[in-house]
Amino acid sequence: MSEKLYEFRDPVHGFIYVRPLELKLIDSFPFQRLRNIKQLAFSHYIYHGAEHSRFGHSLGVMHLVTRAFNTVTEKTKIFDIATKEWYTQILRIIALVHDLGHAPFSHASEELLPDGFSHEDYTHMIVTQTEVADCISEIGEWFKKQYGEEYDITPELISSIYKGENIENPDFIFLKKFMDSELDCDKMDYLLRDSLYCGVSYGKFDLERLINTLTVWENEEGVLYLAIEKGGMHAFEEFVLARYFMFTQVYFYKTRRFLDNALLYFLKGVLPNGKYPEDIQEFLKYDDIYVLELMKQNIKQNEWAERILKRKILSKVYETPVHASEKDQQIFNLVKNNLVERIGEEYLILDSADKLVHQMPVRYELDSEKAIPVITENDKKVIPVSVASEVIRKMTEPINIKRIYVYEDKKEEAIKIVNEMMEKMSK
């Protein structure tokens, strides 16, 4: 490729290079909208540096998916040059568009999408029904001129691979692993980026070692899988632990989760029918700035707008352990029911990790849809990661945190009730 490249200076990855037609996609309105959607919703209310957006994350994923795919294909020589370039371009586009369908404040308000819709569905509509479709088609036309008519790239192809619906070419399933698996470039970027902007070390891992030990496993049916060499297991363990700690210390931090709930209560009261619009052009009008303006307009008559804008946080009075057992959940229900009976349900806010997108544990077995096989050094046999790593084998217990928040004027009474219950249960 001899065309001019444009560069972005990224705080995480250094220089990120894009082609002219990729820049045209980046300059489109749906992509520029990502500048106004924070990656971590209201986490900047706790970690004030966490002002970063989906815009930078999407560029970072494009950069990493290019590095990862190049590493694997150069190491294994599984594709000819034209096919490798074709697949690389497809992956770069998927990486750029993968978050276009996010609602304001990212996952925090996703449950307000119309029934039956996910942010992936909105991404599909943006990719196929807006100016983004024209940008992708233009890239496709340019690519065919370079390599031939058989190397087609269309909005429909990008969307089908992204959604995992294109099964005619098994290679497309392999490509999706770079964007959606237990070792995908989406997770690699957001862990490092979130950790940097939050000013914490929880999300750090050895990116260079992880990428350099990526490889391919081909099963008996000739299906390709993204895999990792056994020599990269410590880096993979570090990666998995980074997800775990970012979940417990950042993504599910008590103040952040209260603000997520406050956002939902606010939007349910101001959105038509309490949902985002189905029409994609109307939906694209909504970003963080638009919602914050709605809050400012409603601050005098809407409690939740005031709580968010003035950072009036309700107090947490009860919380289960990180790995809540069945007994822990039974105790939670007893506490909740007691508080409802003695204080009133209207003074309580309940929250559960079950709603979060960053779910643990990772899937470990070879027959899992998103599994990452491990390739041994000498005999090149493939084994499940749960066999290769004792650390990961012990991390099969899911995170399941439940919390109860209470209004200020009921805080002391609620704490007293909870303490009384805990004292009785300990006897």
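No value in this document is a laboratory result; all are computed from the given coordinates. Everything quoted here is computed from the prediction, not taken from an experiment. When we count neighbours, we look across all protein chains shown, and the Cβ atoms used for this are built from the backbone with ideal geometry, even at glycine.
Would you list the P(r) distribution for the chain, with all Cα-Cα distances sorted into 20 Å bins from 0 and each bin expressed as a whole %?
Histogramming the chain at 20 Å steps yields 24, 53, 21, 2 percent.
If you project the alpha carbons of the stretch 12-117 onto their three principal axes, what span does each projection cover, largest first, in Å?
47, 34, 26
Label-point separation (nm) for Arg342 and Ser426, each offset 7 Å from Cα along Cα-to-Cβ?
In this crude spin-label approximation the distance works out to 1.6 nm.
Among the lysines, select those whose C-alpha is under 21 Å from the C-alpha of Lys416, and discard any that sit fewer than 8 residues away in the same chain.
Lys254, Lys316, Lys336, Lys402, Lys424, Lys427
What's the ranking of 283-296, 42-55, 75-88 by average number of surrounding C-beta atoms within 10 Å, highest first? Don't jump to the answer; show the numbers that get you there.
On the way: 283-296: 16.8, 42-55: 18.6, 75-88: 14.6.
In decreasing order of mean packing, 283-296, 42-55, 75-88 become 42-55, 283-296, 75-88.
Throw me the Rg/Rh for the stretch 283-350, computed over C-alpha atoms with Kirkwood Rh, two decimals.
On the way: Rg = 17.1 Å, Rh = 14.9 Å.
Expressed as Rg/Rh, it is 1.15.
Quick check on the stretch 6-246: take the gyration tensor over C-alpha atoms, sort the square-rooted eigenvalues as a ≥ b ≥ c, and tell me if it's rounded (a/c under 1.5), prolate or oblate.
oblate
Round to the nearest 0.05 the FRET efficiency obtained for Lys24 and Glu278 when R0 = 41 Å and r is the Cβ-Cβ distance.
On the way: r = 28 Å, r/R0 = 0.67.
About 0.90, to the nearest 0.05.
Using the crude model of +1 on Lys and Arg Cβ and -1 on Asp and Glu Cβ, and no other charge, please compute the dipole size for the stretch 6-246 relative to its Cα centre, in debye to 20. Present the calculation step by step, with values, prior to reporting the outcome.
Details: 23 positive and 39 negative charges, 186 e Å.
Roughly 900 debye, rounded to the nearest 20.
Using θ = phi - 60° and the Karplus curve 6.51 cos²θ - 1.76 cosθ + 1.60, what whole-Hz ³J(HN,Hα) does each residue of the stretch 216-233 get, with Gly and Pro shown as x?
Couplings: 10, 10, 10, 7, 5, 8, x, 7, 8, 10, 5, 9, 9, 5, 4, x, x, 5 Hz.
Roughly speaking, what is the stretch gain from Lys144 to Glu51, that is 0.36 nm per residue apart minus the C-alpha to C-alpha distance, in nm to one decimal?
29.5 nm is the gain from fully extending Lys144 to Glu51.
Under 5 Å between amide hydrogens, which residues at least 5 positions from Ala227 or on another chain qualify, with H placed 1.01 Å from N in the peptide plane?
Answer set, sorted by chain and number: Thr215, Val216, Trp217.
Please list 3J(HN,Hα) in residue order for the stretch 400-409, calculated via the Karplus relation 6.51 cos²θ - 1.76 cosθ + 1.60 where θ = phi - 60°; whole Hz, with x for glycine and proline.
Values per residue, Gly and Pro as x: 8, 9, 10, 10, 10, 10, 9, 5, 4, 6 Hz.
Cα-based count: Lys pairs in the stretch 6-246 below 12 Å, eight or more positions apart or different chains? Each step should come with its number before you reach the end.
Numbers: Lys163/Lys176; Lys163/Lys177; Lys177/Lys187; Lys187/Lys204.
Taking the Cα cut-off of 12 Å, the pair count is 4.
Hey, can you rank 181-191, 247-257, 113-123, 6-16 by average C-beta count inside 10 Å, highest first? It would help to have the intermediate numbers written out before the result.
Details: 181-191: 22.9, 247-257: 19.4, 113-123: 15.5, 6-16: 14.0.
In decreasing order of mean packing, 181-191, 247-257, 113-123, 6-16 become 181-191, 247-257, 113-123, 6-16.
Which ³J(HN,Hα) values, rounded to whole Hz and listed in residue order, are derived for the stretch 271-285 from phi using the Karplus coefficients 6.51, -1.76 and 1.60 in 6.51 cos²θ - 1.76 cosθ + 1.60 with θ = phi - 60°, glycine and proline given as x?
Per-residue couplings from phi come out as 6, x, 6, x, 9, 5, x, 6, 4, 5, 5, 5, 4, 5, 6 Hz.
Which of the listed residues, Ser137, Val65, Ile16, is farthest toward the dipole's positive end in the chain, when Lys, Arg count +1 and Asp, Glu count -1 at the beta-carbon?
Ile16
Could you sort 150-158, 411-419 so that the peptide with the highest average Cβ count within 10 Å comes first and the rest follow in order? It would help to have the intermediate numbers written out before the result.
Details: 150-158: 17.7, 411-419: 15.6.
Going by the mean number of other Cβ atoms within 10 Å, highest first, we get 150-158, 411-419.
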